Amino acid sequence: MKALIKKEFSLCLHPTAFVFLTFAALVFVPNYPYEVIFFFSGLSIFFISLSARENGDLAFTCSLPVKKRNVPLARIIVAATFQCALLFLTAICIVIKQASFPEALLVNQAGNSANLAFCGFGALVLGAFNLAFFPLHFLRPNTVGVPFIISSAAQFVLIGLLILIRHLPFAAPLATPDFADYGIKLAVLLGGLCLYFLMTSLAAYLSMKRFEKVDL
Amino acid sequence: MTLRALEVQNLTKVYPNFTLDSFSFAVEAGKIAGLIGRNGAGKSTTLKSIMRLISSEGSVKVFGKDFSEEEGAVKELIGYVGGGFRFYPNKTLSAVAKAVAGFYPHWNEESFKRYCEEYAFILSKKVRELSEGMKIKFSLALALSHGAKLLLLDESTSGLDPLSREDFCDTLLTLKKQGVTVLFSTHITSDLMRVADQILYLSDGTLLLDEPLETLMKRYRLKRFAALSEAGAAGAIGVKEVKKGFEGLITGSEEGREATLDEIMIHLEWEKRRQNESAH
């Protein structure tokens, strides 16, 4: 698995995987739908998968001494590494923002406010992308566009729902800065991370199972 | 008992318009086996099925190790060389080689450098800058540098000029002396005449022949007949009209001349077609 992951980094990675990490800084923009940060993560995975297809990566990798079912797992581990890095960088930017911005600018009128709970929502959006994209892509590795459209649509529906929830009265504590309603935000963050882990694990399980039956 | 480098049992792959039909064969260690057949006969499907690049039924053993049980260990013994290195065109040769080396505990960097010198590779070059012949040599260098004991070659000489093919055949003969086993799929049968010990002849997904090249060449002779009736009386196989009269394969006789592998393939294929037509 170590060699497979190293190969993903040395031969398959697309530069946008790094570029889109910097989009974590979008949380500094006042009144902006911050959830789109996580859409760009999916876009970088789309570019990685697209260039892997054009490079004949899957057929080549399967001819190396690896189990065929481990090939999708390596891709998903690398994608999850970038997603976790994005969540981490977003969290750092949020801490900096909350420490340096006036309180009035900390409440987002265009979507969810950048706080701990938002990171939980982000994890949920990323997990949804993984669950929709990878099993579809590894069912037919030559198709990258259709799985991306479907997974992006799923992400945007979820983002819409999360923004809608933010305007409901019971969710009001989620829109405040972190120093208020700390407990509920932490619960949302942990819940989001757990769901991300479950959805990504399920995505890996389905992808590995499906890829074994694929003709390359 | 002779050691079998490759043992394939009941290999079956069903496509909507083609079936690789319960294909079984074995290749002894240190031998070169040629897999021949017309385009679409199932040669690439066979090699890809052996490598499990496509999902198929049947068992594959490499040096006694079962592929499905020890996939990683079995692949370490195999060097798979397709029609040329068509992967990662924008990566440098050194980047590809470095990534590949990480997969093999027995990767021999000295050996790789030696092949690079022998084939005159510039490692800073990108894959897309290589000629077709160089791409094949690069694939071969990668396969040989990890000490592959079994080479699976899929139409590897198709894009090569006659001189490069000759070099390639020389390399195979050298490898054979070192104990490497080769399964070589090609429709350029003259290459096999040079190097092969065993011929596997596939026709429409079915194994038509599996025997030593020498036996095959001794069994069939090519004879020309003035009339079709004459060919029929001689019991000729796969009789077809040629420029002057008719030609067919004959067995158990010293008449006619020695047939080439191409001619054997053509006339056996012709005979099969005739039998299918008469059956319908």
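The values are calculated or read from the model by the stated rules, or taken from the named source; none is laboratory data. These figures come from a predicted structure and were not determined experimentally. Counting neighbours? That spans all protein chains shown, and the Cβs are built from the backbone with ideal geometry, glycine included.
The table below gives the values:
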quantity: Residue within segment A:96-111 that is β-branched (Val, Ile, Thr), within 14 Å of another protein chain (Cβ to nearest Cβ) and either touching a Ser or Thr at 6+ places or on another chain (Cβ under 6 Å) or closer than 30 Å to A:ALA175 by Cβ (or both) present; calculated: no
quantity: The lone exception for B:GLY72 - which of (1) on the phi < 0 side of the Ramachandran plot; (2) more than 7 Å from every other protein chain (Cβ to nearest Cβ) it fails; calculated: (2)
quantity: Test for A:ILE163: is it in contact (Cβ under 8 Å) with a residue 40 or more places away in the chain, part of a helix (DSSP H, G or I) and surrounded by 12 or more Cβ atoms within 10 Å (Cβ to Cβ); calculated: yes
quantity: Some residue of segment A:88-98 being at pLDDT 85 or above, charged (D, E, K, R) and either over 30 Å from B:ALA99 (Cα atoms) or within 12 Å of the chain's Cα centre (by Cα) (or both); calculated: yes
quantity: Residue that is nearest to B:LYS137 (Cα to Cα) [pool: residues in segment B:71-114 that are assigned to a strand (DSSP E or B) and of a type in the set (Val, Ile, Thr)]; calculated: B:VAL81
quantity: Residue within segment A:192-204 that is closer than 29 Å to A:PRO141 by Cβ, within 14 Å of chain B (Cβ to nearest Cβ) and either surrounded by fewer than 17 Cβ atoms within 10 Å (Cβ to Cβ) or under 22 Å from the mean Cα position of the chain (by Cα) (or both) present; calculated: no
quantity: Residue in segment B:164-181 that is within 25 Å of the chain's Cα centre (by Cα), in contact (Cβ under 8 Å) with a residue 40 or more places away in the chain and within 14 Å of another protein chain (Cβ to nearest Cβ) present; calculated: no
quantity: Segment B:38-61: number of residues that are outside any helix (DSSP H, G or I) and either buried (at least 24 other Cβ atoms within 10 Å of the Cβ) or facing chain A (nearest Cβ under 8 Å) (or both); calculated: 7
quantity: A:PHE40 vs. criteria without any contact (Cβ under 8 Å) to a residue 40 or more places away in the chain, part of a helix (DSSP H, G or I) and either out of contact with any helix residue (DSSP H, G or I) (no Cβ under 9 Å at 6 or more places or on another chain) or not basic (Lys, Arg) (or both); calculated: yes
quantity: Selection within segment B:83-100 - modelled with pLDDT of 90 or more, surrounded by 17 or more Cβ atoms within 10 Å (Cβ to Cβ) and more than 9 Å from chain A (Cβ to nearest Cβ); calculated: B:LEU93, B:ALA97
quantity: Verdict on A:GLN98 being touching a helix residue (DSSP H, G or I) at 6+ places or on another chain (Cβ under 7 Å), polar (S, T, N, Q), closer than 14 Å to A:ILE45 by Cβ and part of a helix (DSSP H, G or I); calculated: no
quantity: Test for B:LEU249: is it among the aliphatic types (A, V, I, L, M), crowded, with 18+ Cβ neighbours inside 10 Å and under 23 Å from the mean Cα position of the chain (by Cα); calculated: no
quantity: B:LEU6 being under 16 Å from A:PHE60 (Cα atoms) and either surrounded by fewer than 22 Cβ atoms within 10 Å (Cβ to Cβ) or touching a residue at least 24 places away in the same chain (Cβ under 8 Å) (or both); calculated: no
quantity: Every residue from segment B:225-257 that is of a type in the set (Lys, Arg) and either assigned by TED's automatic domain parsing to the domain that holds B:ASP197 or under 30 Å from B:ASP197 (Cβ atoms) (or both); calculated: B:LYS240, B:ARG257
quantity: Tally of residues being within 14 Å of chain A (Cβ to nearest Cβ) and either farther than 30 Å from A:MET1 by Cβ or touching a helix residue (DSSP H, G or I) at 6+ places or on another chain (Cβ under 9 Å) (or both) across segment B:101-140; calculated: 12
quantity: Candidates A:LEU26, A:LEU64, A:LEU58 - the one that is in a helix (DSSP H, G or I), over 25 Å from A:LEU116 (Cβ atoms) and aliphatic (A, V, I, L, M); calculated: A:LEU58
quantity: Test result for B:SER229, over 17 Å from the mean Cα position of the chain (by Cα) and surrounded by fewer than 16 Cβ atoms within 10 Å (Cβ to Cβ); calculated: yes
quantity: Scope segment A:23-46; condition within 14 Å of the chain's Cα centre (by Cα) and polar (S, T, N, Q); matching residues; calculated: A:SER41, A:SER44
quantity: Number of the exception - A:TYR182 against (1) closer than 29 Å to A:LEU58 by Cα; (2) in contact (Cβ under 8 Å) with a residue 40 or more places away in the chain; (3) of a type outside the set (A, V, I, L, M, F, W, C); calculated: (1)
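Yes/no per residue for (1) of a type in the set (Val, Ile, Thr); (2) under 18 Å from the mean Cα position of the chain (by Cα):
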{"position": "B:GLY205", "(1), (2)": "no, yes"}
{"position": "B:GLY235", "(1), (2)": "no, no"}
{"position": "B:GLY238", "(1), (2)": "no, no"}
{"position": "B:ARG257", "(1), (2)": "no, no"}
{"position": "B:ILE266", "(1), (2)": "yes, yes"}
{"position": "B:TRP270", "(1), (2)": "no, no"}
{"position": "B:ARG274", "(1), (2)": "no, no"}
{"position": "B:SER278", "(1), (2)": "no, no"}
